[in-house]
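To start, the structure under review is shown below, and the notes come after it.
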Amino acid sequence: MKQEEKITLRTDEGEAVDFYVLEETRINGMNYLMVTDSQEDEDGECYVLKDVSGSEESEAVYEFVENDDELEYLYRIFTELLEDMDVEIQK
């Protein structure tokens, strides 16, 4: 699996954490990313991030999606988007 785009998030403590973008989509005016913490073909954890930045911000601000209903909906969307790639998503 080739993962080209890497994003770096900062924790509340200022630590840099890298994630690799598997897919992105826009739903109801909101941008979402499905990312993984592993660049290798090994098992990595996947996360869904939501862009919560305002139009006046020069850089995107992402939050982890934690709402179970929203995650379930996005899981179905991303599963469909990734079905042609060599990616297996498990809950």
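The values are calculated or read from the model by the stated rules, or taken from the named source; none is laboratory data. In this text the structure is predicted, and so the values were computed from the model without any measurement. Please note: Cβ atoms are built from the backbone with ideal geometry, for glycine as well, and neighbour counts cover all protein chains shown. Each accessible area value is taken on the protein alone, full model and side chains, heavy atoms only, with ligands, DNA and RNA left out. Shrake-Rupley method; radii C 1.70, N 1.55, O 1.52, S 1.80 Å.
Looking at (1) open to solvent by less than 80 Å² (accessible area, probe 1.4 Å); (2) at pLDDT below 90; (3) outside any helix (DSSP H, G or I), which is the one condition that is false for T79? Of everything listed in (1) open to solvent by less than 80 Å² (accessible area, probe 1.4 Å); (2) at pLDDT below 90; (3) outside any helix (DSSP H, G or I), T79 misses just condition (3). Scanning segment 6-54 for residues that are open to solvent by 90 Å² or more (accessible area, probe 1.4 Å) and assigned to a loop (DSSP other than H, G, I, E, B) turns up D12, E13, E15, N28, Q39, E40, D41, E42, D43, E45. Of all residues in segment 39-50, those that are over 18 Å from R26 (Cα atoms) have Cβ atoms under 6 Å from Cβ atoms of residues that are at pLDDT 80 or above and surrounded by fewer than 17 Cβ atoms within 10 Å (Cβ to Cβ), 6 or more apart or on another chain, in G44/D37; G44/S38; E45/D37. Output the number of residues of segment 57-76 satisfying the condition of being acidic (D, E) and surrounded by 15 or more Cβ atoms within 10 Å (Cβ to Cβ). Within segment 57-76, residues that are acidic (D, E) and surrounded by 15 or more Cβ atoms within 10 Å (Cβ to Cβ) number 1. Return a yes/no flag: does segment 31-49 have any residue that is at pLDDT below 90, of a type in the set (S, T, N, Q) and over 15 Å from the mean Cα position of the chain (by Cα). No; the residues of segment 31-49 include none that is at pLDDT below 90, of a type in the set (S, T, N, Q) and over 15 Å from the mean Cα position of the chain (by Cα). Pairs meeting the criteria (first residue in segment 56-73 and under 15 Å from L33 (Cβ atoms), second residue among the acidic types (D, E) and open to solvent by less than 70 Å² (accessible area, probe 1.4 Å), beta carbons under 9 Å, at least 6 apart or on different chains) are A60/D51; V61/D51; Y62/D51; E63/D51. What about D84, is it at pLDDT below 85 and outside any strand (DSSP E or B)? Here the answer is yes, as D84 does meet what is asked. Within segment 9-26, residues that are more than 15 Å from D51 (Cα to Cα) sit with their Cβ atoms under 6 Å from residues that are open to solvent by less than 40 Å² (accessible area, probe 1.4 Å) and assigned to a loop (DSSP other than H, G, I, E, B), at 6+ positions apart or across chains, in these pairs: Y20/Q3.
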